[in-house]
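Have a look at the structure below, then the notes.
Bear in mind these aren't lab numbers, they're just calculated from the coordinates by the rules spelled out. From a predicted model like this one, the values you see are computed outputs, not experimental measurements. Quick reminder, even Gly has a Cβ in these numbers, built from the backbone with ideal geometry, and neighbours come from all protein chains shown.
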Amino acid sequence: MGAGDRVLVHAAAGGVGQFAVQIAVARGATVIGTARPDNHAYLRDLGVSEVVDHTQGPISAQLAEPVDAVVDLIGGDALADAPQQVRDTSRVASVVEDEAVLAMGGHYVFVRPEAAHLDELRALVDAGSLRVDLAATYALDDLAEAHRASESGRTRGKIAVTIPQED
């Protein structure tokens, strides 16, 4: 994804989505994000040009025209609808459903931390183009509660767990 591309990010307000949005915007893409209405203003603040309410039916039916790329962060119906959302299914990437996205000619993405990529992210943070929004912070003793919050699919931003320092 790059300058001039129209990129659709599913679950754009989530912990991973917020990064996908900001990285795409920093690369010069026009970003369309899917989210519940209570997250629309947040996404516009991140640089999303258009917000689509995923609760109002298939995303493809809500788009004026197909996009150049789709970043799928939820799978299921959103990914099944992706061929109708994008001009070329080879430009669909999913972090959720490897077999489904590969069957349509897209790409399954499994992130591995690499020093060069982390340096690029640091540069975006230093430039003010990437911020980390926390949905909640939990103590290590509340790890089960943090996990439940993560699984709910209703958080906006990252969930952090604090680990006490030993003396």
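Relative contact order of the stretch 32-126, please, whole-number percent, based on alpha carbon pairs below 8 angstrom and at least 6 residues apart. Write down the numbers at each step before the final one.
Working: 124 pairs, mean separation 16.5, N = 95.
This gives 17 percent for the stretch 32-126.
How would you classify the stretch 91-157 from its alpha-carbon gyration tensor, with a ≥ b ≥ c the square roots of the eigenvalues: rounded for a/c under 1.5, else prolate if a/b is greater than b/c, otherwise oblate?
Values: a/c = 2.28, a/b = 1.18, b/c = 1.94.
Oblate shape, in that a/c is at least 1.5 and b/c is the bigger or equal ratio.
Can you tell me the equivalent ellipsoid semi-axes for the chain? Use √(5λ) from the Cα gyration tensor, largest first, whole Å. The partial results should precede the final answer.
On the way: eigenvalues 148, 68, 54 Å².
After scaling each eigenvalue by five and taking roots: 27, 18, 16 Å.
Can you list which of the GluC sites (Glu not before Pro) found in the stretch 113-152 are DSSP loop residues with at most 15 other C-beta atoms within 10 Å? Mind showing how you got there, number by number?
Working: sites: Glu114, Glu120, Glu145, Glu151; in loops: Glu114.
Those satisfying the criteria are Glu114.
Given points 7 Å out from each Cα along the Cα-Cβ axis, report the Val132 to Glu166 separation in nanometres with one decimal.
About 2.3 nm, to one decimal.
Could you pull out every residue, at least 5 positions away or on a different chain, whose amide H is within less than 5 Å of the one on Leu73? Hs are placed 1.01 Å off N in the peptide plane, and Pro or chain starts have none.
Excluding prolines and chain starts, which carry no amide H, the hits are His10.
Would you calculate the convex hull of the Cα atoms in the stretch 1-77 and tell me its volume per residue in Å³?
On the way: hull volume 6.1 nm³, N = 77.
With only Cα atoms used, the stretch 1-77 gives 79 Å³ per residue.
About the Cα centre of the chain, how large is the charge dipole given +1 on each Lys and Arg Cβ and -1 on each Asp and Glu Cβ? Please answer in debye to the nearest 20.
On the way: 13 positive and 25 negative charges, 92 e Å.
Value, rounded to 20: 440 debye.
Treat each spin label as a single point 7 Å out from the Cα along the C-beta direction, and report the Ser90 to Val111 distance in nm.
Label-label distance for Ser90 and Val111, simple model: 2.6 nm.
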